[in-house]
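J.: Submitted below is the structure of interest, expressed as structure tokens.
The values are calculated or read from the model by the stated rules, or taken from the named source; none is laboratory data. A quick note: this is a predicted structure, and the numbers were derived from the prediction, not measured. Every residue, glycine as well, gets a Cβ built from its backbone with ideal geometry; the counts of neighbours run over all protein chains shown. Please note that ligands, DNA and RNA were not included when accessible areas were found on the heavy atoms of the full protein model with its side chains. Shrake-Rupley method; radii C 1.70, N 1.55, O 1.52, S 1.80 Å.
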Amino acid sequence: MKIAILPGDGIGPEIIEQAVKVLNTLGEKFEMETAPVGGAGYEAYGHPLPEGTLKLAKEADAVLFGAVGDWKYDQLVRDLRPEQAILGLRKNLSLFANLRPAILYAELAGASTLKPEVVSGLDILIVRELTGDIYFGQPRGVRICPDGPFKGEREGFDTMRYAETEIRRIAHVAFQAARKRSKRLTSVDKANVLETFQFWKDIVTDVHKEYPEVTLDHMYVDNAAMQLVRAPKKFDVMVTGNMFGDILSDAAAMLTGSIGMLPSASLDAHNKGLYEPSHGSAPDIAGKGIANPLATILSTAMMLRYSLNKAEQADRIEIAVKKVLTQGLRTPDIYEAGATKVGTSQMGDAVVKALM
Ligand code: NAD
């Protein structure tokens, strides 16, 4: 099994180092090859997604990705900015399904901004469509407004669209994920206003016929946003489009109080995937040895489960992470009085020890 390791920028290399330590402790044989991406790719080869890096990602069975971006690249033209690497990888590898669990470990209940009784024990999964919707729809741009009360003025416009295949394949991913969990799926749309999302709702309802054991309900996105902060534990698996998913998954992430704890997976139709923490490259703390590596370590567990067919090893890692939290070890982002403050590398070592 070949894993492409793309550490990237900022805290990327520090957190990936901990995940690799964990992979090396499992007693499995993985072929791992590292390549530069993002700002590191630009420095080495003049492009955020160098050809060699893309080739490696295509050949590998899975990609473990740190994070990209740094303010020092803000002046570059858009195509050369580090963040283009992640968009390029999603597109080139056809990674259309983004899976983002939001789990609040009981030990960290105090880290959430919501009351512990509302969020303690939270365990939801957001399935976001990643390669369609208004983010990619054509035409788009700035033009002279052709009609209506603002005719003749400049206007910005984008196009929201979803093909039937795009909706069907993300719906299958979501139903299959729900089937493995509590068998409840909420499809989030805006069918009351948008044609695209009435179509979405119809197709998801049709796909449901193939999964009679899963209970499906539909919710408008504005209500879903409200319910996420009112009673988040009501949800189990949520499926939605690219833009709604972008917003809701960040809101769900913050319910848990710490972006440093949340993994993510982006999958293609054959369960090949790119795995990365939900956070960015955190340039403000890069090189200080204080970044939380647990989101990346938990992303490694998702990689073992979804792409490498090693569910038992994934369980082992998740249990080890719980164990270090129970031991009271905390990086500064999740620190509370009375806990033991540790750095990035110490946290990685503690997970390794808990695995042995
Ligand atoms: P960020 O997620 O990097 O950081 C937000 C805040 O969270 C910062 O205060 C940071 O110190 C903290 N933080 C993030 N991860 C942490 C961790 N593991 N441990 C402890 N604290 C952590 O978001 P940002 O500051 O908006 O963006 C920084 C850079 O990252 C930008 O260049 C942005 O474009 C990029 N970015 C990249 C990705 C990606 O690689 N997929 C995603 C989001 C942002």
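J.: Picking from THR165, THR113, THR159, which residue would you name as being surrounded by fewer than 16 Cβ atoms within 10 Å (Cβ to Cβ) and within 15 Å of LEU228 (Cα to Cα)? Show your work before the answer.
T.: On the way: THR165 fails: within 15 Å of LEU228 (Cα to Cα); THR159 fails: within 15 Å of LEU228 (Cα to Cα).
The match here is THR113.
J.: Let me ask you something else. Would you mind finding the one in LEU308, LEU304 that is more than 12 Å from the ligand (Cβ to nearest atom), in a loop (DSSP other than H, G, I, E, B) and not assigned by TED's automatic domain parsing to the domain that holds VAL119? Don't jump to the end; show me each part of the working.
T.: Working: LEU304 fails: in a loop (DSSP other than H, G, I, E, B).
Result of the check over LEU308, LEU304: LEU308.
J.: For LEU248, only one of the following conditions fails: (1) more than 21 Å from GLY121 (Cα to Cα); (2) more than 10 Å from the ligand (Cβ to nearest atom); (3) not in a loop (DSSP other than H, G, I, E, B). What is its number?
T.: Here LEU248 clears every test but (1).
J.: Would you point out the residue of the range 324-348, among those that are surrounded by fewer than 18 Cβ atoms within 10 Å (Cβ to Cβ) and farther than 20 Å from SER112 by Cα, that is nearest to the ligand (Cβ to nearest atom)?
T.: Keep residues of the range 324-348 that are surrounded by fewer than 18 Cβ atoms within 10 Å (Cβ to Cβ), which gives 326-328, 332, 335-341, 343, 345-346.
Among the residues that remain, those that are also farther than 20 Å from SER112 by Cα are: 343, 345-346.
Working: GLY343: 11, SER345: 13, GLN346: 14 Å.
So the residue we want is GLY343.
J.: Restricting to the range 285-323, and then to whatever is hydrophobic (A, V, I, L, M, F, W, C) and touching a Lys or Arg at 6+ places or on another chain (Cβ under 7 Å), can you tell me which residue is most open to solvent (accessible area, probe 1.4 Å)? Working first, answer last.
T.: Taking the range 285-323 first, the residues hydrophobic (A, V, I, L, M, F, W, C) are 285-286, 290-291, 294-295, 297-298, 301-304, 308, 311, 314, 317, 319-321.
Now narrow it down to the ones that are touching a Lys or Arg at 6+ places or on another chain (Cβ under 7 Å): 304, 311, 314.
Values: LEU304: 0, ALA311: 50, ALA314: 0 Å².
Ranking the candidates gives ALA311 first.
J.: Of all residues in the range 6-60, which are in a loop (DSSP other than H, G, I, E, B) and either more than 14 Å from GLY88 (Cβ to Cβ) or not assigned by TED's automatic domain parsing to the domain that holds ILE297 (or both)? Steps first, please.
T.: Applying the first criterion (in a loop (DSSP other than H, G, I, E, B)) to the range 6-60 yields 9-11, 26-30, 35-38, 46-50, 60.
Answer for the range 6-60, where residues must be in a loop (DSSP other than H, G, I, E, B) and either more than 14 Å from GLY88 (Cβ to Cβ) or not assigned by TED's automatic domain parsing to the domain that holds ILE297 (or both): ASP9, GLY10, ILE11, LEU26, GLY27, GLU28, LYS29, PHE30, GLY46, ALA60.
J.: Which one is farthest from the ligand (Cβ to nearest atom), of the residues in the range 73-96 that are at pLDDT below 95 and of a type in the set (Lys, Arg)?
T.: It comes out as LYS91.
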